[in-house]
Amino acid sequence: NMAEYYYRDLNDPSLNPNGLRPDVYAIAPYVGHVIDSGSGDVFGQLQTELETVTRSQLEAHRELADANNVELVTYEGGQHIYLGGRVASVNRDPRMYAFYKDYLTVLSEYVPLTMNFMYSGRYSDQHGNAWGSKESITQPIDQAHKYRAIQDWISERSP
């Protein structure tokens with residue numbers, strides 16, 4: 001974990017003689033790097049990775065941040081499937097809505113502030129790009145499953 005090195009250096013008076021401290025430490029908890037979009041149960045694999053790999057990484061970062069009195073946030077994140085030639089269809093699948101809500105719920109257990117990587121961006125199987133919460137700014141919300149999940153997740157928690 002690279003964060004261990006950053007905190008070690010921050011706490012080393014020979015490297016940080018003035019004891020400067022960051023206000024926050026920001027991470028990018030993407031999920032799905034190694035998932036092949038053309039494989040069987042993509043959403044089952046996403047859920048498993050979220051509950052095992054992503055959660056353990058978040059726990060490790062949370063512990064380091066707490067031990068160093070630094071707030072933990074995300075500067076970007078989201079699904080990161082880019083392998084297998086079915087990236088666009090996986091991201092257009094209505095099951096992405098439930099996965100994104102689960103993803104945001106897990107993040108909220110570890111960070112008070114998170115940011116999705118991209119508001120709008122064309123999905124591409126060829127280049128493995130499907131990071132936008134919408135494919136275009138004019139995409140109808142009923143087809144923009146990630147965007148709808150983000151909006152619903154926020155409104156369900158608003159005072």
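The values are calculated or read from the model by the stated rules, or taken from the named source; none is laboratory data. The structure presented is a predicted model; accordingly, all values stated were derived computationally and were not measured. No Cβ is skipped: glycine too gets one built from the backbone with ideal geometry, and neighbour counts run over all protein chains shown. These accessible areas exclude ligands, DNA and RNA; they are computed on the full protein's heavy atoms, side chains included. Shrake-Rupley method; radii C 1.70, N 1.55, O 1.52, S 1.80 Å.
Going by the structure shown, is Leu72 within 17 Å of the chain's Cα centre (by Cα) and closer than 16 Å to Lys101 by Cα? In short, no. Restricting attention to region 12-33, the residues being surrounded by fewer than 16 Cβ atoms within 10 Å (Cβ to Cβ) and within 18 Å of Tyr97 (Cβ to Cβ) number 0. Scoring Glu59 on the criteria (1) free of Cβ contacts under 8 Å to residues at least 40 places away in the same chain; (2) under 29 Å from Tyr97 (Cα atoms); (3) open to solvent by 60 Å² or more (accessible area, probe 1.4 Å) leaves a single failure, condition (1).
Where residues in region 112-147 are assigned to a loop (DSSP other than H, G, I, E, B) and of a type in the set (Asp, Glu), which of them is least open to solvent (accessible area, probe 1.4 Å)? Once the filter is applied, the top-ranked residue is Glu135.
I'd like the full set of residues that are under 25 Å from Lys146 (Cα atoms) and either of a type outside the set (Val, Ile, Thr) or modelled with pLDDT under 95 (or both), limited to region 9-30. If you could, list the steps in order and put the result at the bottom.
Within region 9-30, the first condition is being under 25 Å from Lys146 (Cα atoms), and the residues that meet it are 26-30.
Correct list: Ala26, Ala28, Pro29, Tyr30.
Residue count for region 20-40, restricted to those that are touching a Lys or Arg at 6+ places or on another chain (Cβ under 6 Å) and either within 19 Å of Asn116 (Cβ to Cβ) or polar (S, T, N, Q) (or both): 1. For region 133-145, the count of residues that are in contact with an Asp or Glu (Cβ under 7 Å, 6 or more places away or on another chain), among the aliphatic types (A, V, I, L, M) and over 15 Å from Val90 (Cβ atoms) is zero. Of all the listed residues (Asp36, Asp9), the sole one being surrounded by 15 or more Cβ atoms within 10 Å (Cβ to Cβ) and of a type in the set (Asp, Glu) is Asp36.
Taking first residues from region 14-34 that are more than 30 Å from Asn91 (Cα to Cα) and part of a loop (DSSP other than H, G, I, E, B) and partners that are open to solvent by 40 Å² or more (accessible area, probe 1.4 Å) and of a type in the set (Asp, Glu), the Cβ contacts under 6 Å between residues at least 6 apart in sequence or on separate chains come to Leu15/Asp9.
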